[in-house]
Each structure stands twice: as structure tokens, then as C-alpha cells.
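Down below is the structure, laid out as C-alpha cells.
The values are calculated or read from the model by the stated rules, or taken from the named source; none is laboratory data. All of these numbers come straight from a predicted model, not from anything done at the bench. All Cβ positions, glycine included, derive from the backbone under ideal geometry; neighbour counts span all protein chains shown.
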């Protein structure tokens, strides 16, 4: 596995772990609770819907890295970018479909930028 | 009698490795600092109506003045346009967390971190209960990861710089400088 795909896999695994841990800590909350469960002391929160979405996107990115399918990595990056937009639109409001806050924005932005940069520059290198 | 010596090259290698680990850890800790603290900058009014949260800490720049020109800017420009300022702070701090965690364009974001730490220090340094060394340490830590180009230690800068070096594009040249 080349260094670019290893880096994609690393970012995807971090996202996947964050999603799965968020799923565990959000168990018992309503699916779309406006305040999600906290991911340790990081301040990152997702409710069940948000955690499931993060887990699925992490899996898609990991599959893309392992199977050399750049469109999958880019799709996951786009998904994380949409989560970042959701935070900007709904954080601090009574309707917050993914149970997010500012720290979740930072996490989603990082996943989107990291996967996006790696996928786009890998393409340019071909 | 035999004398066991570590060659200077070996020592330098070990020192470099230890330094790399230290810069990596510093970068991750700073990223987590910004990630956690972007969580309480809450829109839509960022604490203005309750005089709490970001609004309260921003007002400290005027109520417990540290530097007169900065207090003037806060009083005349920032507080009257506080919602715009709140969004700006949220986006900058969330981006600091994201990019320092990735180690992407690390030197650029380290400088942004210095500027943001300085702005916070100028707001709260004289406020009751504040420990001023926390802000000096934040500034120093950002300067350290800037100087060390800490994204080149287990960061995306290390992965992407070879591609940027091969590229002729303007973006690649900018990213090389930012990393």
C-alpha cells in the first residue's frame, strides 16, 4: 500500500473509531436528539443519527483507501463536508438533526479536508 | 578495556526521533485544545443576550483592559458587530483544530494559532481568575510547531509535500510554503 493510501486509511480509521464510539455513548438518546453524546473530553458530540452517518462515511473512506477507489474517498469527504454545513446551519438551535456542536464542526471539517486533499492530490500524481 | 560509544550520527538520529515525537504530540494537544474550545462558541448569538460565553470573555477586553488600542477596537468595532465576530471565531477555531489535527498546512495554521492566542490573551489577561501563563504557553507552543514545521512528523504535510514539490501549480507552491 502506498503512502497516500495509507494516509487515507489512517484518516478513515480515525473517523470510523469516532463514529463507533459516538454510537456507543449515544445509545439511549433519541435518534435525532439535539444534544448528542460526548466523545470523551474532546467536546465532539453526535446523536445516534450523526454517529451512524460518521461510521458509514468512515467505512466508505476506508473501503476506498483499501480498494484503490478514489471516488469512494471523495464521496466520504463530501459527506463530511455536508456534516460541517449541517453544524453551521443547526448548532445552537432547537432542531439539530445530528446532535452536533462547534467541536463536531472541527472534526467534520478535518475529515473532509484530509480525505479530500489526499484523494485529489493522489489523482494529480497519477 | 573496551569503551562503548554511541556515534554522533546515532545520537543525532535518536534526538531527531524524540524531537519528532514531541512536535507530533504538541501539534495533537494544540488541535484538541481548539477542537474542545470551539464547542462552547454557540450561535446564533454567541452568549450576547445572556451576557455569557464568548460575549462575556470578549467584553473582558474592555472591562479589564490589557492594551488600550485593542480595547478600543473591541469596544468600537467588535462588540457592535458581535454576531459576525462570533461566527468568525467559531470558524477560525474549528479550522485550527481540524488542520492542526491533520498536520495539513501546519505552519500557516500555527501562525493563525499564534494570532488567535494573542487575541484571547489581550481580552482576558487581566480578568479575575485568569492564569496568564496559560496564554504565554499557548503562543509559545504554536511558535514551536511553526518553527519545527510539525506537520512533517506523522502529518499530511509529510505525505503531500513530495506531490506539491513535483507540481508546477500555484496552489502547490502556496501549500509548500504553508507546510
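Side notes on the structure shown:
- The set of residues in the range B:37-57 being farther than 22 Å from residue B:135 by Cβ and either in contact (Cβ under 8 Å) with a residue 60 or more places away in the chain or within 14 Å of another protein chain (Cβ to nearest Cβ) (or both) consists of B:42, B:43, B:44, B:45, B:48, B:49, B:50.
- Taken over the range A:92-121, residues that are touching a helix residue (DSSP H, G or I) at 6+ places or on another chain (Cβ under 8 Å), modelled with pLDDT under 95 and facing chain B (nearest Cβ under 8 Å) amount to 1.
- Condition met for residue B:171 (under 28 Å from residue A:45 (Cα atoms) and within 14 Å of another protein chain (Cβ to nearest Cβ)): no
- Residue count for the range A:26-57, restricted to those that are surrounded by fewer than 17 Cβ atoms within 10 Å (Cβ to Cβ) and assigned to a helix (DSSP H, G or I): 3
- Test for residue A:66: is it more than 11 Å from every other protein chain (Cβ to nearest Cβ) and either surrounded by 21 or more Cβ atoms within 10 Å (Cβ to Cβ) or within 15 Å of the chain's Cα centre (by Cα) (or both): no
- The range A:80-126, residues that are over 17 Å from residue A:38 (Cβ atoms), buried (at least 21 other Cβ atoms within 10 Å of the Cβ) and under 11 Å from the mean Cα position of the chain (by Cα): A:80, A:84, A:109, A:110, A:111, A:112, A:113, A:114, A:115
- Matching residues, the range B:41-56, being surrounded by fewer than 17 Cβ atoms within 10 Å (Cβ to Cβ) and closer than 20 Å to residue B:118 by Cα: B:53, B:56
- Options B:178, B:144; residue that is away from chain A (no Cβ under 14 Å), at pLDDT 95 or above and under 21 Å from the mean Cα position of the chain (by Cα): B:144
- Residues in the range B:72-82 that are farther than 16 Å from residue B:45 by Cα and free of Cβ contacts under 8 Å to residues at least 12 places away in the same chain: 4 in all.
- Out of B:24, B:60, B:85, sole residue that is touching a residue at least 60 places away in the same chain (Cβ under 8 Å), under 20 Å from the mean Cα position of the chain (by Cα) and surrounded by 15 or more Cβ atoms within 10 Å (Cβ to Cβ): B:24
- Yes/no for residue A:74 being at pLDDT below 95, in contact with a helix residue (DSSP H, G or I) (Cβ under 7 Å, 6 or more places away or on another chain), surrounded by 18 or more Cβ atoms within 10 Å (Cβ to Cβ) and over 19 Å from residue B:43 (Cα atoms): no
- For the range B:123-138, the condition holds for no residue, the condition being that it is within 14 Å of chain A (Cβ to nearest Cβ) and either more than 21 Å from residue B:31 (Cβ to Cβ) or surrounded by 18 or more Cβ atoms within 10 Å (Cβ to Cβ) (or both).
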